[in-house]
Amino acid sequence: MHCADGFVAIRDIAPLAETHLLVLPERHVDTFRDVGAFPDDEAAAMLRFVAETAAREGLEDYRVLVNVGAGAGQTVFHLHWHVLGGRLDRARIASALLEEQ
C-alpha cells in the first residue's frame, strides 16, 4: 500500500482495529530488541515512515505498537510496527491476549 526507501507498509490480514497497518523495514531484523543494528539515520527514517504512513491513511489519532518476543505476542519474527486507528476490535484483542496465556 505504501513504500519508501527501505520500508514498506501493508494492511494487516487479521485487523484488530478499523485501520490496522504493518510497517516493516526491508532489511531483516528479528525483533525491536535488535533495532541497534540500524544506523541512527536509518532508525530515524523508520520512525518518520511510521508517522508518514499514518498520515497517508488520514489518521490523526492512532496507536503504534511493537510486540517484542514470543512472550509479548510477537508471532512474525521480522521487526514490524502495528499502526492502529479508529475503533478497536476489543473482542479480537481480548481473544488474542487469552490465547497467549
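Bear in mind these aren't lab numbers, they're just calculated from the coordinates by the rules spelled out. Every value quoted in this text rests on a predicted model; they were computed, and no experiment measured them. No Cβ is skipped: glycine too gets one built from the backbone with ideal geometry, and neighbour counts run over all protein chains shown.
Which entry in (1) 38, 31, 19; (2) 52, 37, 19; (3) 80, 26, 24 is this structure's computed Cα extents along the principal axes in Å?
Only one listed value fits the structure, namely (1).
Spelling out what I want: for every residue of the stretch 69-80, take phi, set θ = phi - 60°, compute 6.51 cos²θ - 1.76 cosθ + 1.60 (Karplus), and round to whole Hz; glycine and proline get x.
The phi angles translate into x, 4, x, 9, x, 6, 10, 10, 8, 9, 3, 7 Hz.
Taking H placed 1.01 Å from N in the peptide plane, check which residues at least 5 places from Leu79 or on another chain put their amide H under 5 Å from its amide H.
Val29, Asp30, Thr31
Test of the criteria: in the stretch 1-90, which GluC sites (Glu not before Pro) are in a DSSP loop and have at most 15 other Cβ atoms within 10 angstrom of their Cβ? Could you put the intermediate results ahead of the total?
Details: sites: Glu18, Glu26, Glu42, Glu52, Glu57, Glu60; in loops: Glu26, Glu57, Glu60.
Answer by residue number: Glu26, Glu60.
Take every Cα pair under 8 Å in the stretch 2-100 that's 6+ residues apart, average their separations, divide by the length, and report that relative contact order as a whole percent. Present the calculation step by step, with values, prior to reporting the outcome.
Numbers: 135 pairs, mean separation 36.9, N = 99.
In percent, rounded to a whole number, it is 37.
For the pair Glu60 and Cys3, how long in nm is the line joining their label points, each one 7 Å along Cα→Cβ?
Output for this residue pair reads 3.2 nm.
Give me the distance between the Cα centres of the stretch 25-81 and the stretch 82-96, rounded to whole Å.
18 Å
What do you get for chymotrypsin sites (Phe, Trp or Tyr not before Pro) in the stretch 7-101 restricted to DSSP loop and a cutoff of at most 16 other Cβ within 10 Å of the site's Cβ?
Numbers: sites: Phe7, Phe32, Phe49, Tyr62, Phe77, Trp81; in loops: Phe77.
Taking the stretch 7-101 and a limit of 16 other Cβ atoms within 10 Å, the loop chymotrypsin sites (Phe, Trp or Tyr not before Pro) found are Phe77.
Would you mind working out the magnitude of the charge dipole of the stretch 22-87 relative to its Cα centre, with +1 at each Lys and Arg C-beta and -1 at each Asp and Glu C-beta, to the nearest 20 Debye? Intermediate results must be reported in sequence, preceding the final value.
Working: 6 positive and 10 negative charges, 53 e Å.
Magnitude of the dipole: close to 260 debye.
Step through the residues of the stretch 25-40 one at a time and calculate ³J(HN,Hα) from phi using the Karplus curve (6.51 cos²θ - 1.76 cosθ + 1.60, θ = phi - 60°), rounding each to whole Hz and writing x for Gly and Pro.
In residue order, the calculated couplings are x, 5, 6, 7, 9, 4, 8, 4, 3, 9, 4, x, 5, 8, x, 3 Hz.
Order these by the 10 Å Cβ neighbour count, fewest first: Leu65, Leu79. Each step should come with its number before you reach the end.
Numbers: Leu65 14, Leu79 23.
Going from least to most buried by this count: Leu65, Leu79.
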